[in-house]
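The values are calculated or read from the model by the stated rules, or taken from the named source; none is laboratory data. Being a predicted model, the structure only gives us computed values, none of them experimental. Note that we place each Cβ from the backbone using ideal geometry, even for glycine, and neighbour counts take in every protein chain shown.
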């Protein structure tokens, strides 16, 4: 087979407004292969985390991702709590669950809106985002911020949920958006035009999904029934329970449905958690730093997030390893996109819900002596500084 | 017999003297220490027989050596089995497992790029994260000296 043309997409993805480079190899309209290049938004977060104290790191890892900004600090705190042998108070576990599920709703609705926009259905995009908005407003009331909530700290959470005022607000908002979500799900599944655009597109078989170790909705849409909330219950998921949504077709339609069904399930989880939340303290003050290893795992909206922390007894961790879900999911684009039409490529890339901020967080600081070789950016910065010296 | 005990027994019998020891924090976390020559057999056992999924690989710089932890998740049991091995810092190298488990592709390249541990037999060991003009012998997460 001869490759007739190569088409570069990126480093700025046309739909996702985030940098990642996809080089598509084409035979006419058909995609033959894809080469993916990362590395455009490295921020050296693992490097930084190994130079900050335990109290500072939750705020640092919160900035890995602007969409699932509760996931990383929760995951890091769980890893440290495991290494130090801390038992988080019950009320804090419930609050973590509620915040985590609210985040899942807004993240899934954000993705669904972007997907609707890519297929050219902007009315649906606006409807999805209209119902995401009240969830962000809940966050503003609960935490003071629409994103980057800073709710987690080692040993618990930083803010309480008011049992009357906040609870009433959450329940009322959820009961308002629930019927709309059911209606929007129908708009996706019953509209023949939308269906034609996403059904049997970007298929990932169960076997491929297992070999590539994909996680989250991508895995669950391909028939792998894996969900950290169910398999290894953290926070309060053991008590409140989770109904894991699994579909088998493995196409973009399945991934869409899994996410929408999960958003609906999240509403039920929050209701159960608000009913059962116990009274008590929300934070445990750690008494001492214990050397040891800890692994934190959280089911982010995009799948399993895992943090590994090695504590050496000082107030700075020896090693912090972060692996966000998109890191496992993005490589699965290659088998999905081979053989697809060029027109579907953008949707297929978007359908794994790739979070490039999450994928690219390590490396690149320091090394003053070598800076002369890394040319353009630095010389640009130098000339800027020269120019602005007298300001 | 608990699932961890079952897993450890299986690995011990397959790896023989390449198996060193194991420890657990609780029923959901097992750390299995092996010699680095055993990693490919270890991955085959975990992936084929225990349905494990490679979550990630963490490398830790210990000044004269690297500790490398392969975190495998066994979802049905809610268990993370971390396979720990060491390689000396001088000419650090490990056997690649990408041909057995394609998911290791990016993870191994990341470790190779950031720590300078060579993964022998990797099908596409090129750059993944650092920029094109990043020097070949500089590793961002490796400690100096």
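Assorted remarks:
- Search result, residues across segment A:141-189 that are loosely packed, with under 13 Cβ neighbours inside 10 Å and assigned to a helix (DSSP H, G or I): A:165, A:168, A:172, A:175, A:176, A:179, A:182, A:183, A:186
- Residue that is farthest from the other protein chains (Cβ to nearest Cβ) [pool: residues in segment B:62-81 that are surrounded by fewer than 20 Cβ atoms within 10 Å (Cβ to Cβ) and closer than 18 Å to residue A:307 by Cα]: B:67
- Scope segment B:10-28; condition without any contact (Cβ under 8 Å) to a residue 24 or more places away in the chain, more than 14 Å from chain A (Cβ to nearest Cβ) and in contact with a strand residue (DSSP E or B) (Cβ under 8 Å, 6 or more places away or on another chain); matching residues: B:12, B:18, B:19, B:20, B:21
Listed here are the residues, each with its yes/no results for (1) surrounded by fewer than 18 Cβ atoms within 10 Å (Cβ to Cβ); (2) at negative phi; (3) at pLDDT 85 or above.
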residue: A:2; (1), (2), (3): yes, yes, no
residue: A:11; (1), (2), (3): yes, yes, no
residue: A:14; (1), (2), (3): yes, yes, no
residue: A:19; (1), (2), (3): yes, yes, no
residue: A:22; (1), (2), (3): no, yes, no
residue: A:27; (1), (2), (3): yes, yes, no
residue: A:31; (1), (2), (3): no, yes, yes
residue: A:36; (1), (2), (3): no, yes, no
residue: A:42; (1), (2), (3): no, yes, no
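- Failed item, numbered, when residue A:253 is tested on (1) assigned to a helix (DSSP H, G or I); (2) within 19 Å of the chain's Cα centre (by Cα): (2)
- Filtering segment A:206-246 to residues that are without any contact (Cβ under 8 Å) to a residue 60 or more places away in the chain and not in a helix (DSSP H, G or I) leaves A:222, A:223, A:224, A:225, A:233, A:241, A:242, A:243, A:244, A:245, A:246.
- Only a single item in (1) in a loop (DSSP other than H, G, I, E, B); (2) loosely packed, with under 15 Cβ neighbours inside 10 Å is not met by residue A:203, and it is number (2).
- Selected residue (only one of A:255, A:323, A:310 is buried (at least 20 other Cβ atoms within 10 Å of the Cβ), under 30 Å from residue B:104 (Cβ atoms) and more than 14 Å from chain B (Cβ to nearest Cβ)): A:255
- In the condition set (1) within 11 Å of chain A (Cβ to nearest Cβ); (2) out of contact with any strand residue (DSSP E or B) (no Cβ under 7 Å at 6 or more places or on another chain), residue B:37 is compliant with all but (1).
- Under the condition of being surrounded by fewer than 21 Cβ atoms within 10 Å (Cβ to Cβ) and touching a helix residue (DSSP H, G or I) at 6+ places or on another chain (Cβ under 7 Å), the residues counted in segment A:283-307 number 5.
- Condition check for residue A:119: touching a helix residue (DSSP H, G or I) at 6+ places or on another chain (Cβ under 6 Å), farther than 30 Å from residue A:284 by Cβ and touching a residue at least 40 places away in the same chain (Cβ under 8 Å): yes
- Residue list for segment B:101-123, restricted to those being surrounded by 20 or more Cβ atoms within 10 Å (Cβ to Cβ), more than 9 Å from chain A (Cβ to nearest Cβ) and in a loop (DSSP other than H, G, I, E, B): B:116, B:117
- Enumeration of residues in segment A:280-298 that are within 11 Å of chain B (Cβ to nearest Cβ) and within 20 Å of the chain's Cα centre (by Cα): A:295, A:296, A:297
Conditions (1) buried (at least 22 other Cβ atoms within 10 Å of the Cβ); (2) within 10 Å of the chain's Cα centre (by Cα); (3) outside any strand (DSSP E or B); (4) at the interface with chain A (Cβ under 8 Å from one of its Cβ atoms), marked per residue:
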| site | (1), (2), (3), (4) |
| --- | --- |
| B:30 | yes, no, no, no |
| B:56 | yes, yes, no, yes |
| B:87 | no, no, no, no |
| B:98 | no, no, yes, no |
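- Residue selected from segment B:135-145 under the condition at the interface with another protein chain (Cβ under 7 Å from one of its Cβ atoms) and under 23 Å from residue B:98 (Cβ atoms), by the criterion nearest to the chain's Cα centre (by Cα): B:141
- Any hit, segment A:260-283, residues being in contact (Cβ under 8 Å) with a residue 12 or more places away in the chain and over 30 Å from residue A:160 (Cβ atoms): yes
- Any hit, segment B:75-83, residues being free of Cβ contacts under 8 Å to residues at least 24 places away in the same chain and in a strand (DSSP E or B): no
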